[in-house]
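Read the structure below first, then the notes.
Taken together, the values in this text are just the output of simple stated rules run on the coordinates, not laboratory data. All of these numbers come straight from a predicted model, not from anything done at the bench. Heads up, the Cβs are rebuilt from the backbone with ideal geometry, glycines too, and the neighbour counts pull from every protein chain shown.
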Amino acid sequence: MEILIKFLVAAVGAGTPLLFGTVGEILTEKTGHLNLGVEGMMSIGACVGFMVGYYTDNFALAILASAAAGAFSALIYAVLTVTFMANQNVTGLTLTIFGIGFANFIGIFILNKTPEGTLKLPENITAAMRGISISGLSELPVVGELLFSYSPFVYIGIIIACISAWYLNHTKAGLNLKAVGENPGAADAAGIKVTSVKYRNIILGGAICGIGGVYCSMIINGGVWISNNVGGLGWIAVALVIFANWQPAYAILGSFVFGALRVLKYYIPQSVLPFPIAFYDMLPFLITALVLVISSMRKSGRINLPAALGLNYFREER
Amino acid sequence: MGGHEYDRPFLYFERAGNIMAEQGKNLYAIECKKITKTFGQVVANDEIDLNVRYGEILALLGENGSGKTTLMNMLSGIYHPDSGQIFIGGKEVKINSPVDAMNLGIGMIHQHFKLVEAFPAMDNIILGTQGKKEKNKVTSEKIKAISQTYGLEIEPEKYVCEMSVSEKQTVEILKVLYKGAEILILDEPTAVLTPQETERLFQILRKMKEKGCAIIIITHKLQEVLAISDRVTILRKGKSIDTVETSSCDAQKLTELMVGRPVSLEIERPIMENRETILKVVDLTVNKSDGSKAIDDISFDIRKGEILGVAGVAGSGQKELCEAIAGLLPASKGAVLFNKENLLGKTPSEIIEKGVSMSFVPEDRLGMGLVASMGMTDNMLLKSYQKGKGPFISRKPARELADSLIKKLGIVTPGTETPVRLLSGGNVQKVLLGREIESSPSVLITAYPVRGLDINSSYTVYDLLNEQKKKNVAVMYIGEDLDVLLELSDRIMVLCHGKITGIVDAAKTTKEEIGMMMTGENRSEDKEKEAQA
């Protein structure tokens, strides 16, 4: 029982960066733009957020910086694909390569300047990131640990996912966004400013991805900078968008399931299932591939795939 | 309409009427002066003048590429004119975006519907409106109120992807009315409707006219121009040629103005002797991918030296029927007998070798049959390269064929190697049809060969088909325009929801009768026969 609770708590922790990445990418894809640069945007967010945290020792500032960095990298993507109508896949892949390279470069550059040879976040900020404790609630048996023991990131992520779900399904801005992703020509004819809607939501999505990135750099490795700290999570997030059927609410479930897969190796003793560790490392990617296969075979039910996903929109095209 | 109209930014008829009384009859809803628009080297609109009054229906007539749609796109803010002035209600305006157009009370109903398929009607209608999102019930009430005023029928909760073409058009009309449009522009609204649906649309338009709306309708069909409009403005090659009162005109005169020279509007129907059956379809059933029946147990035959017209609302199974005969779609039941040999189960290339040829012109015109980015030569090769021996392709015969088609059919193209997507719609269709005819088939199936073509090009296509008929080819012609079907075909078969609702002699039937059968009513004579039996 105890180990199960520990496992679930760890799963939520491991799923949180995926949650940010997935929700960010859902907002992006709902504009009809497939941004394969999630990994890159998360890496840039991870790097900038970590460095701001390292120098200012301020948790809130670090998160804001990571969101701003993610938003900026999404802006690059938006300028290229929305305004200059570059190929979305190529642009996204390039952003990923650029983002990882940028983060590693800055990381090593600053690392080399430190006398100790390691980059470790100051005490103040690591304390702020630790699990919360609400007196009276966090002490409750089982529930306390399962619901009220996480890092603030987890709650921020869930709140963002819920707000996104409400935004998409119950507001006019969300309706406009969905219309742009489904049929930009129709949205344009209805007087929606297609370009502006695309920019705003792509940038917003990037900001959310950026926060997911800073979780990777600040929490996963216990506050120590290492290179490639996002490590492929961005790619899983892209696949999770399909798993979640483009719905932020499902993204919460999906990312925690994948979080569980990632931490499974620590909770299944070798004596029970004698698989090599590498098998567990492979598992999320294997399941991702399976999800893609299954979801492409699924025919029944409403598939929320935006009809104009991947197609750039040019009003005067003849 | 309740208090709704007070939200509207622009004049209603009552108000317009007052101003009209003050200023005399000079007030136009829209007045365009010397509008010019160029795309690169091409002058799409050359100093065009056009005007419409409130409470008037103006028809805009012109051949393909005469600049009708370009002009209307400028009024709805999608393009910007290079020069010229636009006046709305007497005031000069600049329309920079669809929002501007909407605020000026201009609503455009596009030829290809601008609807989000994944939304219900209601969401499509409120799309782009300002302010907070209301409760669905409130919106739904408002929509119902507007539809009652104009006699429209709609289910606000229904998803667009589940709607028929006519329902979708209703949503389009409601969309602009909901936003307070009183100047409506309809771009070829009847292209996809049955005669009954067209008549209903016209009733709606007349009602709008009564309420004081200014309406511009673009259409190719002269009968409709004569039926609905008050005045006609004719465009030719980007210039406005003339504006005439409809009552002083007939189809012949309008055609002359549009084409620039007298054109015969007769379609000949040569009668061929000894028409023996060459292709017999027996109890054919074809399923769609979702398991429902696209073609439901139909039987008919096609004879040598005749044109069998096929009428039906779009999506009644025409496409599946073509594909099943051509061997592209498997049939679940029945047989297609060609000279008493079953074609079902044979591959498309085997069927082509037997002499059954199909040319299907889909809505996007290029989708089936031609490769858009290849030149004419390569497109000719598509059908013949397998016959060549060895691994190499001989391009010479194909190039010669392409050259001969250009001469014979008057295809306008810079050269045989120019990608066909750069040709205009009419020329693309000539390439496709020409290639099919050149393979000298004994059965020619052609679907929508005149889709989107202007009068001149259409008549070239009809002549081509008649020429084949005279060579004793059996032609199956799937068409949209009932007037043409009636004149061109020997017999007309009507499809509705995958079933045949009747096969009639084209010389003896009427448009109304075909229209009734298209909506599912079996031919009255059949019923009488049944009653007698």
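Below are the figures for this structure:
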item	result
Gap separating the Cα centres of the range B:162-230 and the range B:75-100, nearest whole Å	22 Å
Relative exposure of B:Ser457, B:Ser247, A:Ser138, A:Ser196, judged by other C-beta atoms within 10 Å (fewest first)	B:Ser247, A:Ser196, A:Ser138, B:Ser457
From phi via Karplus (6.51, -1.76, 1.60), per-residue ³J(HN,Hα) for the range B:190-197 in Hz, x at Gly/Pro	9, 4, 10, 9, 6, x, 5, 5
Over 29 Å [Cα-Cα, chain B], rounded percent	58 percent
Share antiparallel - DSSP beta bridges, the protein assembly as shown, percent rounded to 5	55 percent
Proximal aspartates and glutamates to B:Lys221, defined as alpha-carbon separation beneath 13 angstrom and excluding residues fewer than eight positions away on the same chain	B:Glu63, B:Asp187, B:Glu188, B:Asp250, B:Asp454, B:Glu480, B:Asp481, B:Asp483
Ratio Rg/Rh [Cα only; Rh per Kirkwood] for the range B:2-257	0.95
Two-decimal Rg/Rh across the protein assembly as shown, once Rg and the Kirkwood Rh are taken from alpha-carbon atoms	1.04
5 angstrom amide H check on B:Ala311, placed H, neighbours 5+ away	B:Met493, B:Val494, B:Leu495
Within 10 Å of each Cβ in B:77-87, the average number of Cβ atoms from other chains	1
Note, ³J(HN,Hα) from phi for the range B:124-139, Karplus 6.51, -1.76, 1.60, rounded to Hz, x at Gly and Pro	5, 6, 7, 4, x, 7, 8, x, 6, 6, 7, 4, 3, 5, 4, 4
Cβ-based exposure ranking for A:Trp225, A:Trp235, in which fewest neighbours within 10 Å come first	A:Trp235, A:Trp225
Greater than 27 Å apart at Cα, pairs in B:Lys253/B:Lys407; B:Lys237/B:Lys383; B:Lys114/B:Lys430; B:Lys280/B:Lys396; B:Lys68/B:Lys175	B:Lys253/B:Lys407; B:Lys237/B:Lys383; B:Lys114/B:Lys430; B:Lys280/B:Lys396
Per-pair calculated FRET efficiency, R0 = 30 Å: B:Gln111 and B:Lys470 via Cβ, rounded to 0.05	0.30
Among the listed pairs B:Lys144/B:Lys288; B:Lys354/B:Lys470; B:Lys34/B:Lys211, those beyond 23 Å (Cα-Cα)	B:Lys144/B:Lys288; B:Lys34/B:Lys211
Summed residue charge, Cβ within 9 Å of B:Lys354's Cβ, Lys/Arg positive, Asp/Glu negative	-2
Segment B:Ala251-B:Glu266, extension gain: residue separation times 0.36 nm, minus the distance between their alpha carbons	4.2 nm
For B:His497, B:His220, B:His112, order by how many other beta-carbon atoms lie within 10 Å, fewest first	B:His112, B:His497, B:His220
Taking only Cα atoms of the range B:427-508, radius of gyration then Dmax in Å	12.9, 34
Rg to Rh quotient for the range B:308-453, alpha carbon positions, Kirkwood Rh	0.97
Helical mean residue ellipticity (222 nm; -39500 (n - 2.57) per DSSP H run of 4+; nearest 500) of the protein assembly as shown	-15000 deg cm²/dmol
Vicinal HN-Hα couplings computed from phi for the range A:40-48 (Karplus, 6.51 cos²θ - 1.76 cosθ + 1.60; Hz; Gly/Pro x)	x, 5, 5, 4, 5, x, 4, 5, 5
Point-to-point label distance, A:Ile268-A:Met297, nm (Cα→Cβ direction, 7 Å offset)	2.1 nm
Shape of the range B:101-181, Cα gyration tensor, a/c cut at 1.5	rounded
Value of D in µm² per second that Stokes-Einstein yields for the range A:1-144, Kirkwood Rh from Cα pairs, at 25 °C (0.890 mPa s)	141 µm²/s
Equivalent-ellipsoid semi-axes of chain A, from the Cα gyration tensor, Å, largest first	32, 24, 19
Local net charge near A:Gly212, Cβ-Cβ under 13 Å (Lys/Arg +1, Asp/Glu -1)	-2
Candidate lysines - alpha carbon under 22 Å from A:Lys6, same-chain residues fewer than 8 apart omitted	A:Lys265
Point-to-point label distance, A:Ser196-B:Asp403, nm (Cα→Cβ direction, 7 Å offset)	5.8 nm
The range B:2-257: antiparallel DSSP beta bridges as a percent of all, rounded to 5	55 percent
Proximal lysine pairs, the range A:19-253, alpha carbons under 30 Å, eight or more residues apart or interchain	8
